[in-house]
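Taking it in order: structure first as structure tokens, then the write-up.
The values are calculated or read from the model by the stated rules, or taken from the named source; none is laboratory data. Quantities reported herein were computed from a predicted structural model and do not represent experimental measurements. All Cβ positions, even for glycine, are placed from backbone atoms using ideal geometry, and neighbour counts span all protein chains on display. The area values use the complete protein model at the heavy-atom level, side chains included, leaving out ligands, DNA and RNA. Shrake-Rupley method; radii C 1.70, N 1.55, O 1.52, S 1.80 Å.
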Amino acid sequence: MKKKLLFISVSCLMMVSVILASCNDTTPEQSAKLGSPETSTVSSSETTITDKEDIVAQGFRNPDEPKYGGTYTFIGRDLQGFDPAKYLTMDCGAMYFVSDYAVSGDWTKGPAGTNEIDWTSGFVGRYDVFKGAYAESWEIPDMNTLIFHVRKGVYFEDKPPVNGREMDAYDFEYSWNRAWFTEGAYHPMSVPADAKPTSIKALDKWTVEVKVPEVQIGIVWVVTGAMAWIYPHEVIDEYGDMTDWKNLVSSGPFTLTDYVSASSITYTRNPNYWEHDPFNPENQLPYVDEVKSLILTDTSTQLAALRTGQVDKMSNISWEDHDLLMTQCPELQSRKAFVMTNFIWGRIDKENLPFKDVKVRQAMNMAINKQEIIDDYYNGNAVLLGWPFLPSQAFSRWYTPLEEMPQDVQDLFTYNPERAKELLTEAGYPDGFKTTVVCDAIDTDFLSIIKNYLDGVNIDMQIQSLEGSVFASVLRGRTHDEMIYKFASTDWPARMRECRIEHFDCHSFYDSLVTREMYNSLSKNLFDSNIVDSVLKEYGPFILKEAIGIYLPMAQKYIMWWPWLQNYQGETVMGYSMAEYHARYIWIDADLKASMSK
């Protein structure tokens, strides 16, 4: 399945004399957007973009006219921590700006280049879309050894206690050992016990060797190379840790210069950053002088900030808000993408709970009219089957359409309350049962819809709503007693997060010999696309048939941005875990912004 990027031409946009103050209620032609993974409707104002030349022609990349200066402002979330050995790596949001990984997603293979991957779902497990970052290159001399060759000419920020020294292999050795062998850190919790490296050491100033069990070499390559930050040991020597944001020492595209909790985060351009624009190799990155993340929790405030141009970009916009914004401000550009949708996961590991029986899990799926939810709740902006693979270009080699799935999988997505009652009776619950689901308070209303469906088959699902921070603690600790409403991960399906009992995203506590064998094969053979494709193609139907959760429609939302944010095509996450990675490549057209703001 080939998914095309659909965008409105900037040249057409520039012909329209519209300014921010003139946003009104007239109905305009809407900006084009990424079409549904299944169908894409192209209006007369839309242009199909299929390769780099087309992107350049339409003005979304203008490699001859990049501009330095300005501030890139977006709506972000508050920082959960600063030290990746003490907090979850992905929660240390400042590190995305002040550091890099050894390897990263390749910007030239996304929409700005060859469009081999859309960069809205992470790297999805594709080894072919990586490039060297802090590691100039890597090699795999045998199936127990990873060798990373450190890039020369990368310098830390010129501030105590590091004072601008050059990064070397000993920084890799220190940071990676701290990531893998600190109790409570993300890395040792994210893989099976037998998957951790057996040794990490610098062979010389520019070479790092990672020894690893053969069966886990692929997983460790990614989780180490593409998800373990590099930082100087002097900071830990001096301060004991990096829990104070003022102690962060940058080697990335920006430095953290101001942080106001629950308000804003400000990053300033690092004038000594190593990377250059791959399309304009004479240009040192980044282009913008400053990046500002505004922490706005109220949706109406977020939308007002975008509508009035106080922010350049906003993600996770609902279809209702997207349609309204396009009516008010037709010059906004947009792209449709999937968001991380929640499923309901019941604990399979507890013998006294009904979810132990697959018939109960099947019944709960059949009791819910999922197509009705898509039609009425999402107004069509969702798909029935979006896990473990999204129906998009990046996953097309592994995705099997629902109509081509085995009948027992199709049945899980078909509303059939009578069959659900029969299954409950066969499982020993002719009168149904009572259960409890834990959720974030913001999800209570949606779960009330699910509760009504389950009531129809005599399953009394009590909703236990928790305040956000309390729910987050239950979520990460996996301390729910029965059921929990949490996200279904899709960014790297080969990790099988929901199917490995040791992983903290496995909230059903599911495990099986079949998925374990698949996982081990994928972990070992990440670098062989033929094996990866074969295993994942088989994995999808198998895990769906197991009904390890209540599979709910995968929602679609929008990314929206102003046209002065240039060299941007809707990217969200690059590499394995690199949020806002595009900040180093984009630029602000100050003249255009000024002309639209008059």
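Based on the convex hull around the alpha carbon atoms, segment 166-220 presents an average projected area of 3.9 nm².
Normalising by residue count, segment 339-455 has a Cα convex hull of 133 Å³ per residue. Equivalent-ellipsoid semi-axes for segment 222-343 (Cα gyration tensor, √(5λ), whole Å, largest first): 33, 20, 17. Proximity of backbone amide H atoms, modeled 1.01 Å from N, is registered between Phe433 and Ile459, Asp460 at under 5 Å, excluding neighbours fewer than 5 places apart on the same chain.
Look at where the Cα atoms of segment 498-536 and of segment 108-138 average out, and the two centres are 22 Å apart. Amide H to amide H, with H built 1.01 Å from N, Asn115 comes under 5 Å of Gly110, counting only residues 5 or more places away or on other chains. Computing the accessible area with a 1.4 Å probe over protein heavy atoms, can you report the carbon and sulfur percentage for segment 271-329? Result for segment 271-329: 48 percent of the exposed heavy-atom area is carbon or sulfur. Note on segment 70-181: Rg/Rh from Cα positions, Kirkwood definition for Rh, rounded to two decimals, is 0.98.
Across segment 281-352, counting alpha-carbon atoms alone, Rg and Dmax equal 18.8, 65 Å.
Exposure check, 1.4 Å probe, all protein chains in place: Tyr155 carries approximately 100 Å² of accessible surface. Counting every pair of alpha carbons in segment 365-415, the share spaced more than 13 Å apart comes to 61 percent. Using the alpha-carbon positions of segment 128-234, Rg (one decimal) and Dmax (whole number) come out as 13.7, 42 Å.
Averaging over all projection directions, find the projected area of the Cα convex hull of segment 443-598 and quote it in nm² with one decimal place.
Numbers: hull surface 55.9 nm².
Seen from a random direction, the Cα hull of segment 443-598 projects 14.0 nm² on average.
In whole percents, the pair-distance distribution calculated for the chain from its alpha-carbon pairs, binned every 10 Å from zero, is 3, 16, 26, 27, 19, 7, 1, 0. Along segment 135-143 the Karplus relation, 6.51 cos²θ - 1.76 cosθ + 1.60 evaluated at θ = phi - 60°, assigns HN-Hα couplings of 9, 5, 7, 8, 8, 10, x, 7, 7 Hz to successive residues, with x for each Gly and Pro.
Annotation for segment 343-373 versus segment 271-328: alpha-carbon center distance of 39 Å. Here the 3J(HN,Hα) profile of segment 200-212, calculated from phi with Karplus coefficients 6.51, -1.76 and 1.60 at θ = phi - 60°, is 9, 8, 7, 7, 7, 5, 10, 9, 10, 10, 10, 9, 8 Hz, Gly and Pro shown as x.
Per-residue ellipticity at 222 nm from helix content only, as computed over the chain with -39500 (n - 2.57) for each DSSP H run of at least four residues, stands at -7000 deg cm²/dmol.
Here, P(r) means the percent of Cα pairs in each 10 Å bin from 0 to the largest distance; for segment 388-473 it is 15, 29, 31, 25, 1.
Which trypsin sites (Lys or Arg not before Pro) from segment 185-238 combine a DSSP loop assignment with at most 14 other Cβ atoms within 10 Å? Don't jump to the answer; show the numbers that get you there.
On the way: sites: Lys201, Lys205, Lys211; in loops: Lys205.
For trypsin sites (Lys or Arg not before Pro) across segment 185-238 that sit outside H, G, I, E and B with at most 14 neighbouring Cβ atoms in 10 Å, the list reads Lys205.
If you take the Cα centroid of segment 549-598 and the Cα centroid of segment 175-237, the two points sit 31 Å apart. For Cα pairs less than 8 Å apart in space and 6+ apart in sequence, what is the mean separation divided by the residue count of the chain, i.e. the relative contact order in percent? Rounded, it is 22 percent for the chain. Only protein atoms count toward the accessible area here, which uses a 1.4 Å probe; on segment 336-440, the carbon and sulfur part of that area reaches 43 percent. Along each principal axis, taking the top coordinate minus the bottom one, the Cα set of segment 248-304 gives 42, 27, 12 Å in descending order.
Taking amide H as placed 1.01 Å from N in the peptide plane, Ala382 has its amide H under 5 Å from the amide H of Gln556, each at least 5 places away in sequence or on another chain.
Accessible area per residue, 1.4 Å probe, Å², for segment 193-265: what's the number? Can you show the working numbers first?
Values: 2510 Å² over 73 residues.
Accessible surface, normalised per residue, equals 34 Å².
Farthest towards the positive end of the charge dipole of segment 451-598, among the residues Phe471, Tyr568, Asn452, is the Cα of Tyr568, using unit charges on the Cβ of Lys, Arg, Asp and Glu. Residues in segment 97-113 carry Karplus couplings, in order, of 9, 9, 8, 9, 9, 5, 10, 8, x, 8, 4, 6, 9, x, x, 6, x Hz; the curve used is 6.51 cos²θ - 1.76 cosθ + 1.60 with θ = phi - 60°, and Gly or Pro positions show x. Among the protein heavy atoms of segment 495-598, carbon and sulfur supply 54% of the accessible surface, probe 1.4 Å, non-protein parts ignored. Within straight-line reach of Lys196, meaning a Cα separation under 22 Å, sit the following lysines at least 8 residues removed in sequence or on another chain: Lys86, Lys211, Lys524.
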